[in-house]
């Protein structure tokens, strides 16, 4: 009896599933292409700015297209995985995607990006900071549309550095700020966590010293990639990282310190110096408004260019941000590229900067009064973006970054020279597929 | 006393020519099982063969231009790399610890269930089964939240045991593997106890009574009557759990993402295939994981003479 009841239940459920799937199929048939085509824009999570820009551009298109947004995972590596899986399966729903610049060469090399229509490249790179153009390109050609560009500044507490005898209106070197912090008994906050942020820091140090992690950028065969990790600038970078990590100026949990932890340590006045992205400014002003830090803390914040490695060479600050790619299987690549031009207009990127705190890739945005009122450091950010250098461009970026993170962590264990050799051997081994990662 | 260790021999079918009836029964069996067998081939054999084929190539999903046939090179790379052997060691450790603890706990729970009052039995069974019904990812998150230094309660509740309030359980290999094992044990002990309960029910009551009459203590009855009679059920439970534990993934993924020396083999396969998009290398890791599981299975079935039909309580 029991068995019978169970059986009836099962067949009932099966019938329900069948009916539902037939209905779903019919529904799929019924909704044909009606009205203007909908472009799907895969966005990274933000404070609603991209959704608002999508709305504005839909209105501006005058019925040619509508833009719908779809949110990607929070972590940049997860964003890449989701996009690659879909693009490799020729997903035609990916019209526009917000891409983290280090992964652009990989997408370009795999043929996942629709080619830019003639004339677009010239239009979208006009008045754009050089680092953003470099980051949006692969093998010297623009393959994505620069959207917003991020960079790190040297942030400091004016009250804590006042009597250090440092002139912060001029570029300072890492040695100067570490020595000054040690003498004053305060800290220099940098990202020592085993994460992409460690790669960002290492790369900026190597580039600031005049070196490069990949010495033949643009090489598409991983077995022919050459590394400069044992060259003098890279050894010098390792020396600075090890010097900070071993000095009393290192933050207490340096090997797990990420951007958020460091921004809090500057807010609390535990650190006098910090290299970090501009989000720390929105964070501290919000904290002062909410009363979680004293109201005068934002006024105590100072900023200048990322520290240099050599006194005779301007620093090469980190470059980040988001660029827009168009999927290779998109049904409307021309409309999608038209939409990216609207999304990245000077007006929309200035709005994005002002409302979400993500610095624009367009020079014109930095003279926008609304931006200047809210971000007094905007001119320094623009200067920093002009000097900034992207992370190594290769279709195998994840391997290079992962290999470096494994060998350069924890920072206090770095031995300038041997650590460089270990990193070089590991990354080359992984690229030649002789080793696992 | 030794005589009762031997189970009565199962009636074996006569060896001589099969009758028409048994032949038609065999045909019916094939007709009934055939479709399921075909589906199984499609959904298991095909992916396994495909993975083996892919593992012979140097192939990255985003770099199809540089795809090349490399034979068994991928296997050589993996088996000579310490990354594989570290993950192998962690996997074996987690498997041995969880299966051993689960066997003891599961046996105790099975004894409680079998001896509980008849009216109480369904309630007890349901209560014990609840962890097994929880989705593994959910249970992993629950344990992770409990042990997290910022949101968890473990650090403050167990301060009397000397747990520091800022203990970072997932920060070092030992404590991280401890929490992973704890979550696995909590979740899958019910499974093993259910299998053992089925085994306990097979122990003939007459033997127990005879032993009691002979004056055997509880412990003697356990060792000489109960356990020998359910040896097959114990081995089946062990086999199933070992195979399962060897493929542990969810807890590691949620709690540490393989960091701090907690990488297990299935996570290694995931990282090579899904994160690095190295289809060739990742498939080779998967194939090696599959071979490990087959070897465990062979060891149990041949080495310990496990009769799989015991799982059905025949």
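Residue B:241 versus (1) more than 18 Å from residue B:182 (Cβ to Cβ); (2) more than 11 Å from chain A (Cβ to nearest Cβ): which is the lone unmet condition?
(1)
In this structure, does residue B:92 turn out to be within 19 Å of residue B:275 (Cα to Cα) and either in a strand (DSSP E or B) or at pLDDT 90 or above (or both)?
Here the answer is no, as residue B:92 does not meet what is asked.
Can you report the number of residues in the range A:407-432 which are touching a residue at least 40 places away in the same chain (Cβ under 8 Å) and under 22 Å from residue B:282 (Cβ atoms)?
4
Test of understanding: among B:61, B:56, B:32, which residue is under 30 Å from the mean Cα position of the chain (by Cα) and within 14 Å of chain A (Cβ to nearest Cβ)?
The unique qualifying residue is B:56.
Mind listing whichever residues of the range B:93-107 are in contact with a helix residue (DSSP H, G or I) (Cβ under 9 Å, 6 or more places away or on another chain) and free of Cβ contacts under 8 Å to residues at least 60 places away in the same chain?
B:96
Being surrounded by 14 or more Cβ atoms within 10 Å (Cβ to Cβ) and in contact with a helix residue (DSSP H, G or I) (Cβ under 7 Å, 6 or more places away or on another chain) is the filter here, so list the residues in the range B:140-162 that pass it.
Matches in the range B:140-162: B:140, B:141, B:143, B:144, B:146, B:147, B:149, B:152, B:154.
Can you pull out the helices (runs of 4 or more DSSP H) entirely within the range A:314-417 that have at least 3 residues that are surrounded by 17 or more Cβ atoms within 10 Å (Cβ to Cβ)?
Working: elements: A:333-343, A:346-356, A:369-374, A:378-387, A:397-407.
Output list reads A:333-343, A:346-356, A:378-387, A:397-407.
Going by the conditions given, is residue B:119 surrounded by fewer than 14 Cβ atoms within 10 Å (Cβ to Cβ) and within 14 Å of chain A (Cβ to nearest Cβ)?
no
Farther than 18 Å from residue B:292 by Cα and assigned to a loop (DSSP other than H, G, I, E, B), is that true of residue B:216?
yes
Return the only residue of A:193, A:223 being part of a helix (DSSP H, G or I) and within 14 Å of chain B (Cβ to nearest Cβ).
Testing whether each residue is part of a helix (DSSP H, G or I) and within 14 Å of chain B (Cβ to nearest Cβ) leaves just A:223.
For the range A:287-313, give me each residue that is assigned to a loop (DSSP other than H, G, I, E, B) and under 20 Å from residue A:169 (Cβ atoms).
A:306, A:307, A:309, A:310, A:311, A:312, A:313
Inside the range B:246-268, can you point out the residues that are over 11 Å from residue B:91 (Cβ atoms), outside any loop (DSSP other than H, G, I, E, B) and more than 18 Å from the chain's Cα centre (by Cα)?
Across the range B:246-268, the qualifying residues are B:254, B:255.
Can you work out which of the residues in the range A:63-79 that are in contact (Cβ under 8 Å) with a residue 60 or more places away in the chain and within 14 Å of chain B (Cβ to nearest Cβ) is surrounded by the fewest Cβ atoms within 10 Å (Cβ to Cβ)?
Here the residue is A:77.
Working carefully through the options B:65, B:45, find the one that is within 21 Å of residue A:87 (Cα to Cα) and part of a helix (DSSP H, G or I). Don't jump to the end; show me each part of the working.
On the way: B:45 fails: within 21 Å of residue A:87 (Cα to Cα).
Residue meeting the stated conditions: B:65.
Can you name every residue in the range B:268-287 that is buried (at least 22 other Cβ atoms within 10 Å of the Cβ) and more than 12 Å from every other protein chain (Cβ to nearest Cβ)?
Result: B:283, B:286.
Return only the number of the condition from (1) modelled with pLDDT of 90 or more; (2) within 14 Å of chain B (Cβ to nearest Cβ); (3) not in a loop (DSSP other than H, G, I, E, B) that residue A:51 does not satisfy.
(2)
Within the range A:161-180, take every residue that is farther than 18 Å from residue A:381 by Cα and in contact with a helix residue (DSSP H, G or I) (Cβ under 7 Å, 6 or more places away or on another chain) and give me the one that is farthest from the other protein chains (Cβ to nearest Cβ).
Only one residue tops the list, namely A:166.
Of everything in the range A:258-275 that's outside any strand (DSSP E or B) and buried (at least 24 other Cβ atoms within 10 Å of the Cβ), which residue is nearest to the chain's Cα centre (by Cα)?
Going through the qualifying residues, I end up with A:262.
Name the single residue that is nearest to the other protein chains (Cβ to nearest Cβ) among those in the range B:65-86 being farther than 20 Å from residue A:406 by Cβ and surrounded by 14 or more Cβ atoms within 10 Å (Cβ to Cβ).
Per the stated criteria, the residue is B:66.
Which one of the conditions (1) over 13 Å from residue B:189 (Cα atoms); (2) within 18 Å of the chain's Cα centre (by Cα); (3) free of Cβ contacts under 8 Å to residues at least 24 places away in the same chain does residue B:137 fail to meet, given that it meets all the rest?
Tallying (1) over 13 Å from residue B:189 (Cα atoms); (2) within 18 Å of the chain's Cα centre (by Cα); (3) free of Cβ contacts under 8 Å to residues at least 24 places away in the same chain, residue B:137 fails exactly one: (3).
Could you run through the range A:80-119 and say how many residues are within 14 Å of another protein chain (Cβ to nearest Cβ) and assigned to a strand (DSSP E or B)?
2
Select from the range A:181-221 the residues that are without any contact (Cβ under 8 Å) to a residue 60 or more places away in the chain and touching a helix residue (DSSP H, G or I) at 6+ places or on another chain (Cβ under 7 Å) and list them in ascending order.
Across the range A:181-221, the qualifying residues are A:206, A:211, A:221.
Would you mention how many residues in the range A:418-437 are assigned to a helix (DSSP H, G or I), over 25 Å from the mean Cα position of the chain (by Cα) and within 14 Å of chain B (Cβ to nearest Cβ)?
3
Name the residues in the range A:196-220 that are closer than 20 Å to residue A:263 by Cβ and within 14 Å of chain B (Cβ to nearest Cβ), would you?
Within the range A:196-220, A:196, A:198 meet the criteria.
The values are calculated or read from the model by the stated rules, or taken from the named source; none is laboratory data. Quantities reported herein were computed from a predicted structural model and do not represent experimental measurements. Cβ coordinates were reconstructed from backbone atoms using ideal geometry, including for glycine residues, and neighbour counts include every protein chain displayed.
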